[in-house]
Amino acid sequence: MRFPDGGGLTAKQRAQREQVRLRDAEMFTQGMALRLVAKALRVSRKSAYAWHAEWRDGGVEALRSKGPSGGPSRMRPDGRAWLDAELKRGPAAHGWVEDRSWTVARVATVIARRFHVRFSVPQTWRILRRMGWTPQAPVHRAVERDEAAVATWVKETWPRVERR
């Protein structure tokens, strides 16, 4: 099964699916036909047949959730805390002085340097999202910018242009 966000199911969603499978088991014990079970629970026949086989072999316990799929993350919680502190120090602290903004590739490089573990850019982005980081666009302002002139333009010129 593929998920568009790449994150799989949340604990709540796994619990909801487990409840469907447990209702499925109740219907199996009542001797209900598998096609009717599938229709009643609004699942595919293939799922109903697969769950029935699991239920037949292992009982209700076989239909319980096995937890989140996939292996454990190679980025441990203490590593996340360290990374959070390092990101707050800024890219200049890690040698990127020409453009003082973080990119996901740079974050992946910092992780690789510290933990000797390489993450792809998408995986690094998932780690950052779980840590609460969001994409930010840096504000670029010209050094010569005259704030008073900009305020005057917005106040006087823009209303005239906007009316057209």
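Rule-based calculations on the coordinates, nothing more; no lab input. All values derive from a computational prediction rather than experimental measurement. Every residue, glycine among them, receives a Cβ derived from its backbone with ideal geometry; neighbour counts consider all protein chains shown.
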Computed ³J(HN,Hα) along segment 111-125: with the Karplus parameters 6.51/-1.76/1.60, θ = phi - 60°, integer Hz and x for glycine or proline, the list is 4, 5, 5, 7, 9, 6, 10, 9, 10, 6, 4, x, 5, 4, 5
Can you check what the Kirkwood hydrodynamic radius comes to for segment 1-93, Cα pairs only, in Å to one decimal? 16.2
Exposed GluC sites (Glu not before Pro) absent - longest run of the chain, DSSP non-H/G/I/E/B, at most 12 other C-beta within 10 Å: 1-97
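Can you tell me the dipole magnitude for the chain around its Cα centre, using point charges on the Cβ only (Lys, Arg +1; Asp, Glu -1), in Debye to the nearest 20?
500
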Does segment 11-63 come out rounded, prolate or oblate by the C-alpha gyration tensor, with a ≥ b ≥ c the root eigenvalues, rounded set by a/c under 1.5 and, if not, prolate when a/b is larger than b/c and oblate if not? oblate
Out of [x] 8, 23, 16, 15, 17, 11, 6, 3, 0; [y] 9, 34, 32, 19, 6, 0; [z] 10, 41, 38, 10, 1, which label holds the value of P(r) over Cα pairs in 10 Å bins from 0, in percent that was computed here? [x]
Cα gyration tensor, segment 77-130 - rounded (a/c under 1.5), prolate or oblate: prolate
With point charges of +1 on the Cβ of Lys and Arg and -1 on the Cβ of Asp and Glu, referenced to the Cα centre of the chain, which listed residue (Gln16, Val60, Trp133) lies farthest in the positive direction of the dipole? Val60
Would you list Asp24, Asp78 from fewest to most Cβ contacts within 10 Å? Asp78, Asp24
Evaluate the relative contact order of segment 11-63 (contact order divided by residue number), counting alpha-carbon pairs under 8 angstrom at least 6 apart; express in whole percent. 34
Arranged by the count of other C-beta atoms within 10 angstrom, fewest first, what order do Thr10, Thr124 take? Thr10, Thr124
Calculated FRET efficiency for the pair Ser44/Trp96, C-beta based, R₀ 41 Å, to 0.05: 0.25
